[in-house]
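Report on one structure; see the data block that follows.
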Amino acid sequence: MGVKEILRRSAENTRRLLGCELEIRLHELNEAWDAASLERIFIENKLYQLIEGCRSHEEAYAAVDKGLEPFKKLLRREVTLEDVQRLTELKFIRISRYDADKADNEIRRIEDDIESTKHDLAHLTDYTIAYYEHIRDKYGKGRERRTEIRSFDAIEAAKVAVTNAKLYVDRAEGFFGIGKGMKDSEFVCDCSDIDDVIVILKDGRYKVTKVKDKDFFDKGIYYIGVFKRNDERTIYNVLYRDGRGGPIMMKRCAIKSITREREYDLTKGTPKSEILYMSVNPNGEAEVLKIYFRPRPRLKKVIVDLDFSTVAIKGRQSQGNLFSRYGIHKISLKERGTSTLGGQNIWYDEDVRRLNTDGRGVLLGEFKGMTRSWCGRRRTSITLRISTSDSISPMRRCVSTATFRAACTAYVTLTASRAITT
């Protein structure tokens, strides 16, 4: 049984009960009218004088009933013995102080109530609605509805899950998880218990798995973080050595959709390969590295710069481009880069009050420069910066200032909550 059916049955039952109450009320009013009319006839026509000389109750009742005979046609029902008994029991002081005008007004009031009750019975549905409105007005003050009925958007549970867990990792031994047994290990980030995590080893192998209390991949974990499926804006900048003593390769790729628990490789898959540097950039940032080569004969430049913005973004299975065939002594970060993906259009949906990139609602503008990245193994600070294109000015007039600020604040909060730190 659905909610509509429950409400319908409840309303019909209320209507039926109200109808029964009105019928009882109508019966009581008719009885009151007959009683008032009999009393007026009894006193105004001085029928109480017929009791004089009667030697028994039965004789008195019969005398009064006979005296009422000419007036019975004015009444709405038959006169009963109980009516006659009630008339004979009237006290003299009530008879002496009887006010005919007051009695007439009382009878007219009863007649008005009878007509009103009959009208309510004839229009029982309207009466039921008025009854509900009366209940609302009488008891609803201070209890107004605080929730709003709005349309709901399709939401993936993983996108709105509460960060109710903490992710830890033991890089040397290869264990990671959110259980109590991992609390003595290195803290990675906050996550939820339904998130996926991506684990990348020093030799370039990686896999995506559901977060667990404790799990094992292999020794030498280089990077671990929460994985967002179908995320095209998170770019992995990688510099790796292909095999022992092999050439140095550089690549940029996005890991969008892969099979859980299946092992993949960021390198060519050559044995003894090693990741020398890697950064995870949620908005496609491209940094500049300073590379120090190992000194060797005929090597003219010992220090060179590597600008990842000059490297094209390819698929995760790409081998990358050749950077150098010389061994590297040290790598340092020279300059943090900005996004190479351009700005991202953000819409605000008034119906569900959520930001989206699907084109639903009012266009707030193009947002860019959201800088947050993970580099190497060092803990880095998270910097948020919003800049909007000039085209946002005419679009901003479509929403109120409060709505615009709320949307921007919500967007910053959303992106900051997903920042990855190690």
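Looking at the stretch 42-85, which of its residues are assigned to a loop (DSSP other than H, G, I, E, B), under 24 Å from I107 (Cα atoms) and of a type outside the set (A, V, I, L, M, F, W, C)? Full working, then the answer.
Initial filter on the stretch 42-85 (assigned to a loop (DSSP other than H, G, I, E, B)): 45-46, 52-56, 75-80.
If we keep only those that are under 24 Å from I107 (Cα atoms) too, we end up with 45-46, 75-80.
If the condition is that a residue be assigned to a loop (DSSP other than H, G, I, E, B), under 24 Å from I107 (Cα atoms) and of a type outside the set (A, V, I, L, M, F, W, C), then N45, K46, R76, R77, E78, T80 are the ones that fit.
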Which count do you get for residues in the stretch 296-323 that are in contact (Cβ under 8 Å) with a residue 60 or more places away in the chain and either among the hydrophobic types (A, V, I, L, M, F, W, C) or touching a helix residue (DSSP H, G or I) at 6+ places or on another chain (Cβ under 6 Å) (or both)?
7
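State all residues of the stretch 329-358 that are of a type in the set (D, E, K, R) and either out of contact with any strand residue (DSSP E or B) (no Cβ under 8 Å at 6 or more places or on another chain) or under 25 Å from E148 (Cα atoms) (or both); if no residue qualifies, say none.
So the first thing to find is which residues in the stretch 329-358 are of a type in the set (D, E, K, R), and the list is 330, 334-336, 349-351, 353-354, 358.
Of everything in the stretch 329-358, those that are of a type in the set (D, E, K, R) and either out of contact with any strand residue (DSSP E or B) (no Cβ under 8 Å at 6 or more places or on another chain) or under 25 Å from E148 (Cα atoms) (or both) turn out to be D349, E350, D351, R353, R354, D358.
Quick one: how many residues across the stretch 48-60 are surrounded by 11 or more Cβ atoms within 10 Å (Cβ to Cβ) and either in contact with a Leu (Cβ under 7 Å, 6 or more places away or on another chain) or farther than 20 Å from A100 by Cα (or both)?
Taking the stretch 48-60 as the starting set, the residues that turn out to be surrounded by 11 or more Cβ atoms within 10 Å (Cβ to Cβ) are 48, 50-51, 54, 57, 59-60.
Next, from what is left, pick out any that are either in contact with a Leu (Cβ under 7 Å, 6 or more places away or on another chain) or farther than 20 Å from A100 by Cα (or both): 50-51, 54, 57, 59-60.
The qualifying residues number 6.
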I need the strands (runs of 3 or more DSSP E) fully contained in the stretch 182-223, keeping only those with at least 3 residues that are farther than 17 Å from T259 by Cβ, at pLDDT below 95 and out of contact with any helix residue (DSSP H, G or I) (no Cβ under 6 Å at 6 or more places or on another chain).
186-191
Of those in the stretch 279-315 that are β-branched (V, I, T) and more than 38 Å from the chain's Cα centre (by Cα), the residue nearest to K256 (Cα to Cα) is V311
What's the number of the only condition in (1) among the charged types (D, E, K, R); (2) at pLDDT below 85; (3) surrounded by fewer than 17 Cβ atoms within 10 Å (Cβ to Cβ); (4) part of a helix (DSSP H, G or I) that R25 fails to meet?
(2)
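Regarding the stretch 195-212, can at least one residue be identified that is among the aromatic types (F, W, Y), surrounded by fewer than 20 Cβ atoms within 10 Å (Cβ to Cβ) and in contact (Cβ under 8 Å) with a residue 12 or more places away in the chain? Give the derivation first.
At the first step, the residues of the stretch 195-212 found to be among the aromatic types (F, W, Y) are 206.
From what is left, the residues that are surrounded by fewer than 20 Cβ atoms within 10 Å (Cβ to Cβ) are none.
Checking the stretch 195-212: not a single residue is among the aromatic types (F, W, Y), surrounded by fewer than 20 Cβ atoms within 10 Å (Cβ to Cβ) and in contact (Cβ under 8 Å) with a residue 12 or more places away in the chain.
The values are calculated or read from the model by the stated rules, or taken from the named source; none is laboratory data. What you see is a predicted model, and the numbers here were worked out from it, not measured in a lab. Neighbour counts run over all protein chains shown; Cβ positions are idealised from the backbone, glycine included.
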